[in-house]
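Have a look at the structure below before the remarks.
The values are calculated or read from the model by the stated rules, or taken from the named source; none is laboratory data. Quantities reported herein were computed from a predicted structural model and do not represent experimental measurements. Cβ sites come from the backbone with ideal geometry, for glycine too, and all protein chains shown count toward neighbours. What goes into the accessible areas is simple: the full protein's heavy atoms, side chains included, and nothing from ligands, DNA or RNA. Shrake-Rupley method; radii C 1.70, N 1.55, O 1.52, S 1.80 Å.
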Amino acid sequence: MITATKVKLYPNQAQKILLEKHFGSCRFVYNYFLNKRDEYYITHKDSKKASLNYLDTQNMLTELKKQYPWLYEVNSQSLQMSLRFLDNAFKNFFHKNADHPKFRKKGRDDYFTVPQYIKIKGNRICFPKFSEGIYFRGSVEKLSEIESINQIVITKDAGDYYCSIIYESGGEPPEKMLPSAENSVGIDLGLAKFATLSDGIAVENPRFVEKVEKRINKLQRQLSRKRKGSNNRGKLILKLQRKYRKLRNMREDFLDKVSTAIAKRYDTIIMEDLNVQGMQQNHHIAKSIGDMSFHSFKQKLLWKADRFGKNLVEIGRFD
């Protein structure tokens, strides 16, 4: 069974510099070939081969490295994965499942993927260009499940570094039982109460935004008075990013705990197919709807129902 866990990295100064080079190089390669693919399409849209594909850009990457030798300093497979992500973005665009790919931005898209040659040695994770390993902290219970690592994704969030480990764990998910009225529950999501279950249990609305909004607003006012490019502005941006990260973590923890408790307790779970996007058009409740993350809750519940062999049934919003 494929699953994932996220650990926090504690790189030394030399490792931080090398991580930043990986972020910058992968972002550069993605943006460079996004521009190349757009230019190629404009000049060849009437020809038989109207666009470049992954193999074309991979061959061009070899020549690009000769032009920019600093690209040799980072893991070559991570650069190739950037091309793979770009190719998938164009495929989604061509199939009308997404908008046209956008250029990656420093500070917002700081990540890279390592698909092979990853080892965990004690409390260090080793991969190409980081053979001595980066010290990390994570769930000992989850790490003990790892049989083989498929890939890792290194990210930067509010000045801290994280590693998402996608791995194979022992055992298969349980066989899904047939839907039945026995041990079933209906869920009604709302604003006054986050969720009301058909057996009378109600889950209170935690109102996360209200808990940190006052501090966030204060930091934003201070930020508006700082000169662009100054050190003090950079420090305030970091503080603001950490407040938003705290907000995300509080929300994720709540959704994880509620969805796990429901998926473990009931065999058949029934909930309506909410039009969250449409609900957010009402500016009176848009902030509250966004704070509740109904779509994220449904996705977590769907994944956990599959993991525990339970059923999640969606009904029409007007049924």
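Data for the structure
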read-out: HN-Hα J in Hz across segment 16-25 - Karplus 6.51, -1.76, 1.60, θ = phi - 60°, x for Gly and Pro; value: 4, 4, 5, 4, 5, 5, 5, 4, x, 5
read-out: Rel. contact order, % - alpha carbon contacts under 8 angstrom, at least six apart, the chain; value: 18
read-out: Between segment 171-238 and segment 46-91, the Cα center-to-center distance that results, in Å; value: 38
read-out: Contour excess over end-to-end distance, with Cα ends at SER51 and ASN150 and 0.36 nm allotted per residue; value: 32.6 nm
read-out: Segments 117-123, 15-21 sorted - mean Cβ within 10 Å per residue, highest first; value: 15-21, 117-123
read-out: Shape box of segment 50-110 [Cα atoms, principal axes, largest first, Å]; value: 37, 31, 17
read-out: Table column - 3J(HN,Hα) (Hz), segment 204-209, Karplus curve with 6.51, -1.76, 1.60, x for Gly and Pro; value: 5, 7, x, 6, 5, 4
read-out: Amide H within-cut-off set for ILE118, under 5 Å, with H built and near neighbours excluded; value: none
read-out: Label-reachable residues, segment 88-110, where backbone N falls under 17 Å from a point 7 Å from GLU39's Cα toward its Cβ; value: 103-104
read-out: Length-normalised contact order of segment 21-147 in % [C-alpha pairs under 8 Å, at least 6 apart]; value: 26
read-out: Helix-only mean residue ellipticity at 222 nm for the chain, each DSSP H run of n ≥ 4 adding -39500 (n - 2.57), per residue, nearest 500; value: -15000 deg cm²/dmol
read-out: Accessible area per residue in Å² at 1.4 Å probe, computed on the chain; value: 60
read-out: Per-pair calculated FRET efficiency, R0 = 51 Å: ILE17 and GLU175 via Cβ, rounded to 0.05; value: 0.55
read-out: Correct option for Cα Rg over 2.2 N^0.38 Å [calculated from the coordinates] among [x] 1.17; [y] 1.06; [z] 0.95; value: [x]
read-out: Sulfur and carbon atoms: percent of accessible area, the chain [1.4 Å]; value: 51
read-out: Extension gain, ILE166 back to GLU132 (0.36 nm per residue minus Cα-Cα distance, nm); value: 10.1 nm
read-out: Taking N as its residue count, the alpha carbon Rg of segment 150-248 over 2.2 N^0.38 Å; value: 1.73
read-out: Along each principal axis, Cα extent of segment 2-109, largest first, Å; value: 52, 36, 26
read-out: ³J(HN,Hα) computed for each position of segment 112-126 - Karplus, 6.51 cos²θ - 1.76 cosθ + 1.60, integer Hz, glycine/proline x; value: 8, 10, 10, x, 8, 6, 10, 9, 10, 10, x, 9, 10, 10, 10
read-out: Net length gained if the chain between ASP199 and MET60 were fully extended (0.36 nm per residue, minus Cα distance); value: 44.0 nm
